[in-house]
There are 2 protein chains.
Amino acid sequence: MRIGELAERAGTTTRTLRYYESLGLLPARRTGNGYRSYDEDDLRLLQQIRTLRDFGFELEETRPFVECLRSGHPAGDSCPASLEVYRRKLAELDECIGRLSAIRERVGTQLDQAERARARLEAAATAPERAPEPRCELTPPGP
Amino acid sequence: MRIGELAERAGTTTRTLRYYESLGLLPARRTGNGYRSYDEDDLRLLQQIRTLRDFGFELEETRPFVECLRSGHPAGDSCPASLEVYRRKLAELDECIGRLSAIRERVGTQLDQAERARARLEAAATAPERAPEPRCELTPPGP
DNA sequence: GTAGACCTTGACCCCGACGTCAAGGCCAGA
DNA sequence: TCTGGCCTTGACGTCGGGGTCAAGGTCTAC
């Protein structure tokens, strides 16, 4: 199948497939006229990539899974390297959730205090204290 | 005081202050020779901005707090607009934490299954199911 | 008068994962 | 033959929050 069909079947765009190819993540064979040519196995690789991306994996982190599938394993996570990525991701998720929860706590406290201050029609205290270094990206997915 | 001193006292850089000025977030007066000139109030505004940024607020989200302080209120969160931002942020945090927790769950499950499959020396099942649309940025803060 | 420590604006660079042209090649149907 | 729909490569834009020059102006101390 050609690039347009693969993109459609995987629910993505041709631009994305060319980008993956440029990373060496999903190389394509070529037909006589230079068109990219894909088969059902490529679709499976692509689905693996998209699935992991939906889980918040970076593209580079999907590479072990793709390699694993390509080397004949039945699932992308049948290989040790993939399991290692899973574990790293779990740790990352835990840390991120922990940070966000701590911030949530502090923001909630600030809101409570500020609301009470307004309710009492009193001047609020000074600015909130400086947090040590809590940064996880919070921005929701772009349009 | 001039830009260098303000930057140092706030623990940031002159570049950052010029950037904030370009956004209209922290405008500066000018002395005769064109140098930027700041006072203690500007330091307070800047501290408010940095504090909120440490909480993961985007710069635009700090604007209501800064406006609030500039209009004479004792704290940046003394104004309704600021409280509104607090509430939005709380909702955002809750959603983000929820998403990440759900993903954590799924990744954990995947890992368990894959590990058990390997332990049994059996082939794992097919690729993990497609998640609906769970994207929070997970990347840790840059260096 | 001159070093050097500050300041000015302008411009380009970074990250990730693509989106969005632009200019042109290939192929099928009417 | 021509139109329209695919495909190709290449190059630039996006977003946030600044970093990092470069070329030059200003002030203070010696």
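Residues that are assigned to a helix (DSSP H, G or I), surrounded by 12 or more Cβ atoms within 10 Å (Cβ to Cβ) and more than 8 Å from DNA strand C (Cβ to nearest atom) within region A:19-33 comprise just one, A:GLU21. Pairs meeting the criteria (first residue in region A:45-63 and at positive phi, second residue crowded, with 18+ Cβ neighbours inside 10 Å, beta carbons under 7 Å, at least 6 apart or on different chains) are A:GLY56/B:ILE103; A:GLY56/B:CYS136; A:GLY56/B:LEU138. For region A:78-90, the criterion of a residue being more than 10 Å from chain B (Cβ to nearest Cβ), at pLDDT below 95, more than 16 Å from DNA strand D (Cβ to nearest atom) and not in a helix (DSSP H, G or I) is satisfied by no position. Can you say whether B:ARG36 is within 10 Å of DNA strand C (Cβ to nearest atom), at negative phi and exposed (fewer than 12 other Cβ atoms within 10 Å of the Cβ), as far as the supplied structure shows? Against the criterion (within 10 Å of DNA strand C (Cβ to nearest atom), at negative phi and exposed (fewer than 12 other Cβ atoms within 10 Å of the Cβ)), B:ARG36 does not qualify.
The values are calculated or read from the model by the stated rules, or taken from the named source; none is laboratory data. Bear in mind that the values here come from a model prediction, so they are computed numbers and not experimental data. Heads up, the Cβs are rebuilt from the backbone with ideal geometry, glycines too, and the neighbour counts pull from every protein chain shown.
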